[in-house]
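Q: Input: one structure, supplied below.
The numbers here are math on the coordinates, done by the rules we state, and not lab data. Everything numeric here is computed off the predicted structure, so don't read it as measured data. Here the Cβ is made from the backbone with ideal geometry for all residues, glycine too, and neighbour counts use every protein chain on show.
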Amino acid sequence: MSLIRILYIVHQANIGGLQTTLRTRMQVLREQGIQSEVIFMKGGPGEYLFKGLPYSIAETGEIFKYKLLQRKYDYLSFIYSLAYLQWVPPGYPAKLIYELRGWNIKIEKWIESLEHEKQLHGIICIASYLEGLVRQRLKREVPIFVDGNTVHRMFRPLRHPSDVWEDCPQPRSGHHIIAYIGRLEQSKNWRQFLDICAKVAILEPIEIWIVCNRKDTREMQLLVDRVAELGLKDNTRIISEVPNGWMPALYAAVRRSGGLLLSTSLREGLGNHILEPLACDVPVVSTNVPGKNEIIRHRYNGMLYPLEAPGKAVRYVLEVLRSHELRRKLRRGGQRTIHTEFNKVRYVARYKKILASL
């Protein structure tokens, strides 16, 4: 295994779960002597995540093909997009893998395009529910594996967050933070998040922290308008473009306030925005949807509510905010989950086993 070379092919170097998960994977594989590189089809603001790791930009298929011919790889892993698959030279001596990190119409079309792709050696799904969706649409016999995330070692409970981020925001005294982490888009269901917070704010002193990238959304003004309509302007803080390395400090502020992360998304692959707060001792209240319910077990390491029943979310949020004992119980469950199911040793062993079976 020590001589294995893997090349990951990713559409763009954005800042998101795909990129942070891949960064962590490459780091833990390197610790085990497995060499990996990534080629992005487009550059982007997430390039800084790969500082110290081998990456390059190939903006055309011709450049990608040239890079392949300059170096021999044992595995080519296409994550999300298959746009450059046609540029792999015939007979290139590498196992070809397609990786799914979620599900949408584009991915469904990519899966359908694989029906007659002879070079494909395997498909890796980040969550169990994705395997069933792939099997429904791909009739040919291709090995399909489930391989979840691992969590970067920087995500842990911090005693002194100011050592990491001197300008970390702090809530008003006596206010619990309810945090939203991620993009502002329909699938993240931010409108329901605000509706739930509005009901909670009537009964408990809260601050709403929306952590997103202002430059990466068209819905910011819609959010600002909705905040005003709900009378939440004085309770809401939009925190934009937080470097990944500062997130543990932000989670520490949420934890110290007696707050929580509220995840209202309609769907997820296997959400980093769930795993990372768990690793940092932050309780999570979440929609009970595929991907997230493969991480969260109700009242063990988080709280799950039906997507169509936001009233239950209000009840669960209030219960977590008001009960120190419940918060402690959920934190203990979260730490057990991270250390037993998502630790790097187990992750690397599983990944190596998948590669060896192709």
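Q: Which far-off residues, 5 or more places away or on another chain, put their amide H under 5 Å from the one on Arg5, with H placed in the peptide plane?
A: Distant-sequence amide H within range of Arg5: Asp74, Tyr75.
Q: If each of Glu59 and Lys199 carries a label point 7 Å out from its Cα toward its Cβ, how far apart are those two points in nm?
A: So the two model labels end up 4.9 nm from each other.
Q: Here's something else I'd like to know. Please grab the % of Cα pairs in region 301-351 that end up more than 16 Å from each other. Can you show the working numbers first?
A: Working: 697 of 1275 pairs.
Above the 16 Å cut-off, region 301-351 has 55 percent of its Cα pairs.
Q: Considering only the other residues whose Cβ falls under 13 Å of the Cβ of Gly231, what net charge follows from Lys and Arg at +1 and Asp and Glu at -1?
A: -1
Q: Distance between the C-alpha centers of region 107-138 and region 160-209? Whole Å please.
A: Result: 37 Å between the Cα centres.
Q: Right, here's the next one. Kirkwood Rh over alpha-carbon pairs of region 267-332, then Stokes-Einstein at 25 °C and 0.890 mPa s: what D in µm² s⁻¹, rounded to an integer?
A: 208
Q: Using 7 Å Cα-to-Cβ label points, what is the Ser323/Arg135 separation (nm, one decimal)?
A: 3.7
Q: Here is a follow-up. For region 242-299 and region 324-352, what is the separation of their Cα centres, given in Å?
A: Result: 13 Å between the Cα centres.
Q: State the Kirkwood hydrodynamic radius of region 120-171 in Å, one decimal place, computed from all pairs of distinct Cα atoms.
A: 14.7
Q: Hey, for a label at Glu117 modelled as a point 7 Å past Cα toward Cβ, could you say which residues of region 255-278 have their backbone N under 19 Å away?
A: No residues fall inside that zone.
Q: Residues with amide H under 5 Å of Ile239's amide H, sequence separation 5 or more or different chain, H placed in the peptide plane at 1.01 Å from N; which?
A: For Ile239, whose amide H was placed from the backbone, the distant partners under 5 Å are Ile210, Val211, Cys212.
Q: Please list 106-119, 194-207 highest first by mean number of surrounding beta-carbon atoms within 10 Å per residue.
A: Top of the packing list down: 194-207, 106-119.
Q: Right, here's the next one. If r is the Cβ-Cβ distance from His339 to His11 and R0 is 51 Å, what FRET efficiency results, to the nearest 0.05? The partial results should precede the final answer.
A: On the way: r = 33 Å, r/R0 = 0.64.
After rounding, the FRET efficiency stands at 0.95.
Q: Using the Karplus equation 6.51 cos²θ - 1.76 cosθ + 1.60 (θ = phi - 60°), what ³J(HN,Hα) coupling, rounded to whole Hz, does each residue of region 219-231 give in order, writing x for Gly and Pro?
A: Working through the residues one at a time gives 9, 4, 5, 4, 5, 4, 5, 5, 4, 5, 4, 8, x Hz.
Q: While we're looking at this one, here's another question. Got a sec to turn the phi values of region 116-123 into Karplus ³J(HN,Hα) couplings, 6.51 cos²θ - 1.76 cosθ + 1.60 with θ = phi - 60°, whole Hz, x for Gly and Pro?
A: 10, 7, 6, 7, 5, 10, x, 10
Q: Divide the volume of the convex hull of the Cα atoms of region 230-358 by its number of residues and quote the answer in cubic angstrom per residue.
A: Residue-normalised Cα hull volume stands at 139 Å³.
Q: Give the long-range amide H neighbours of Leu184: residues separated by 5 or more places, or on another chain, with amide H under 5 Å away, using H modelled in the peptide plane at 1.01 Å from N.
A: So Leu184 has HN proximity to Asn213.
Q: Could I ask something else about it? In percent, what relative contact order does region 55-184 have, based on Cα pairs under 8 Å that are 6 or more apart in sequence?
A: Once divided by the residue count of region 55-184, the mean separation gives 16 percent.
Q: Here's another thing I want to ask about it. Specify whether the C-alpha gyration tensor of region 1-40 places it in the rounded, prolate or oblate class, a ≥ b ≥ c being the square roots of the eigenvalues: rounded for a/c under 1.5, otherwise prolate if a/b is larger than b/c and oblate if not.
A: Details: a/c = 4.13, a/b = 1.74, b/c = 2.37.
Since a/c reaches 1.5 but b/c is at least a/b, the shape of region 1-40 is classed as oblate.
Q: Pairs Lys109/Lys188; Lys118/Lys188; Lys199/Lys344: which exceed 28 Å Cα-Cα?
A: Where the Cα-Cα span goes over 28 Å, the pairs concerned are Lys118/Lys188; Lys199/Lys344.
Q: Okay, moving on. Quick check on packing: order 219-230, 131-142 by the mean number of other C-beta atoms within 10 Å, highest mean leading.
A: Most protected by this proxy first, the peptides run 219-230, 131-142.
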